[in-house]
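Derivation of every value follows stated rules applied to the coordinates shown; laboratory data play no part. Computed from a predicted model, the values in this text were never measured in an experiment. Here Cβ is always computed from backbone atoms with ideal geometry, including for glycine, and neighbour counts include all displayed protein chains.
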Ligand code: 5GP
């Protein structure tokens with residue numbers, strides 16, 4: 001008998017970042033703790049462009065609930081630690097959370113972009 005009808009498909013857990021969070025796809029982590037993994041964006045938009053993803057699958061910032069306060073805080077704390085480790089804390093960084101279609105989100109799994117190493121314009125496009 002096929003397992004197909006029993007295997008629930010979910011766009012969040014099935015996404016590339018869901019697979020990275022479960023270690024099904026290996027990455028060179030620049031930082032990892034109990035809550036998050038951080039790794040280089042494959043298409044960097046700045047000299048330093050890191051993604052921080054939670055290990056708990058969540059679609060985006062709009063899907064966060066009260067139960068996610070610790071995890072969401074851990075994403076920001078990790079962003080600051082990544083900036084220090086990669087030498088861009090002094091010059092400054094931008095942390096971006098794209099959420100949903102108008103936000104420009106292309107991967108349906110929460111990820112914070114950490115951008116640095118050059119001056120970043122404002123407003124975003
Ligand atoms: P979004 O547009 O959803 O905010 O950002 C998705 C980001 O993930 C993009 O910057 C894209 O370059 C990056 N990305 C997509 N797939 C992969 C992947 O398989 N590996 C890595 N390292 N980055 C990815």
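A compact table of results
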item: Which numbered condition residue 73 fails, given (1) under 29 Å from residue 118 (Cβ atoms); (2) free of Cβ contacts under 8 Å to residues at least 60 places away in the same chain; (3) in contact with a strand residue (DSSP E or B) (Cβ under 9 Å, 6 or more places away or on another chain); result: (3)
item: Exclusive hit being within 15 Å of the ligand (Cβ to nearest atom), under 24 Å from residue 124 (Cα atoms) and loosely packed, with under 14 Cβ neighbours inside 10 Å, set 47, 26, 108; result: 47
item: Search result, residues across the stretch 111-124 that are within 12 Å of the ligand (Cβ to nearest atom) and in contact with a strand residue (DSSP E or B) (Cβ under 7 Å, 6 or more places away or on another chain); result: 111, 112, 113, 114, 115
item: Any hit, the stretch 9-17, residues being within 11 Å of the ligand (Cβ to nearest atom) and either crowded, with 18+ Cβ neighbours inside 10 Å or free of Cβ contacts under 8 Å to residues at least 12 places away in the same chain (or both); result: yes
item: Top-ranked residue of the stretch 31-42 - restricted to ones that are within 14 Å of the chain's Cα centre (by Cα) and surrounded by fewer than 17 Cβ atoms within 10 Å (Cβ to Cβ), ranked as farthest from the ligand (Cβ to nearest atom); result: 33
